[in-house]
1. In segment 169-210, what residues are closer than 17 Å to residue 240 by Cβ and among the aromatic types (Phe, Trp, Tyr)?
2. Determine the pairs where a residue that is on the phi > 0 side of the Ramachandran plot, located within segment 171-182, has a partner that is outside any loop (DSSP other than H, G, I, E, B) with Cβ atoms under 9 Å apart, the partner being 6 or more residues away or on another chain.
3. Could we say that residue 208 is assigned to a helix (DSSP H, G or I), out of contact with any Asp or Glu (no Cβ under 9 Å at 6 or more places or on another chain) and surrounded by 15 or more Cβ atoms within 10 Å (Cβ to Cβ) here?
4. In segment 199-244, which residues are in contact with a His (Cβ under 9 Å, 6 or more places away or on another chain) and more than 24 Å from residue 118 (Cα to Cα)?
5. Tell me, please, whether a residue that is in a helix (DSSP H, G or I), under 16 Å from residue 244 (Cα atoms) and either of a type in the set (Asp, Glu) or not assigned by TED's automatic domain parsing to the domain that holds residue 81 (or both) can be found in segment 133-145.
6. From the list 128, 168, 187, exactly one residue is assigned to a helix (DSSP H, G or I), in the same structural domain as residue 252 (by TED's automatic domain parsing) and more than 22 Å from residue 262 (Cβ to Cβ). Which is it?
7. Go through the residues of segment 166-186 one by one and say whether even a single one is surrounded by 15 or more Cβ atoms within 10 Å (Cβ to Cβ) and farther than 24 Å from residue 129 by Cβ.
8. Mind checking which residues of segment 151-165 are of a type outside the set (Val, Ile, Thr) and surrounded by 15 or more Cβ atoms within 10 Å (Cβ to Cβ)?
Amino acid sequence: MSANGPTRDELIACLAWHVACGADEALGDRPTHDQTFIPLKSFLADPLAAKADGAKTDPVQPAPSSPPDSTLSLVEPATNQLNAITTLTDLRNALDQLDGCALKNTAGNLVFCDGNPGARVMIVGEAPGRDEDRVGLPFVGAAGQLLDRMLASIGLDRSTVYITNLLPWRPPGNRTPTAEETRLLLPYLRRHIQLAKSEYLLILGGSSAKALLGTKDGILKLRGVWRDVDFGNGVVLPTLPSLHPAYLLRSPAQKRLSFDDLLSLRARLA
């Protein structure tokens, strides 16, 4: 710190540290709900370079006020817009260009997929963590290493499955996704499932299972039971919820339940 106070770079570094720790809003002495929201990433731009280029960064404008039940309709994609997306590449580009999701402003990378898009099995996790956000791929940390061992136990690997997440961006501090964030991004996940055209869907984790199955039941009640689910395109997809590897790292005794689910998946594949 300088004698005259912290520099701009030091203040930005401090702010980024708080965001990484999970802070997603700041409180002051006076209400600021009428002020324009400015994404963290806009602070990282070099103001001198922007001025030299004649460029101007437009802040994200707050959504117009509306009744609580219709707030999300301002940003939710229309069905015909998603139906116009016909390839996984186009879907990824659509997420890259998506505005209105605060998670995008604090995440380092879009975490879209890993594995083989033509695989018989599609796996949907919950949300990217720190390692996934850094690399831009799902399941690359400790939970991902456990997932690799789990798949190997039934003769699968990342070349024989297709992997994605409920959310394509990491929530700050690995917090639980909000209902609004899930509701905004769930249509993109459904379209992702439709375009992948897998034969079987394995859902890992309570958040993703509840969102995709439209239930409030916990994962221990949902796991191990196959369901035939139509994700919006008229195609029935056999779907199996199971335990997330991150949960298994915290509760090793539950690995036997997860292995039972994997054996059930292997039986279907056979």
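1. The one that is closer than 17 Å to residue 240 by Cβ and among the aromatic types (Phe, Trp, Tyr): 200.
2. 173/19; 173/20; 174/130
3. Taking the combined requirement at face value, the residue does not satisfy it.
4. 206, 207, 219
5. Quick first cut of segment 133-145, residues in a helix (DSSP H, G or I) only: 133-135, 142-145.
Okay, now just the ones that are also under 16 Å from residue 244 (Cα atoms), so 142-145.
Now narrow it down to the ones that are either of a type in the set (Asp, Glu) or not assigned by TED's automatic domain parsing to the domain that holds residue 81 (or both): none.
No, segment 133-145 contains no residue that is in a helix (DSSP H, G or I), under 16 Å from residue 244 (Cα atoms) and either of a type in the set (Asp, Glu) or not assigned by TED's automatic domain parsing to the domain that holds residue 81 (or both).
6. 187
7. The answer is no; no qualifying residue exists.
8. Just the residues of segment 151-165 that are of a type outside the set (Val, Ile, Thr), to begin with: 151-153, 155-159, 162, 165.
151, 156, 158, 162, 165, listed by residue number.
The values are calculated or read from the model by the stated rules, or taken from the named source; none is laboratory data. Just so it is clear, the model here is predicted, and its values are computed rather than measured. Cβ coordinates were reconstructed from backbone atoms using ideal geometry, including for glycine residues, and neighbour counts include every protein chain displayed.
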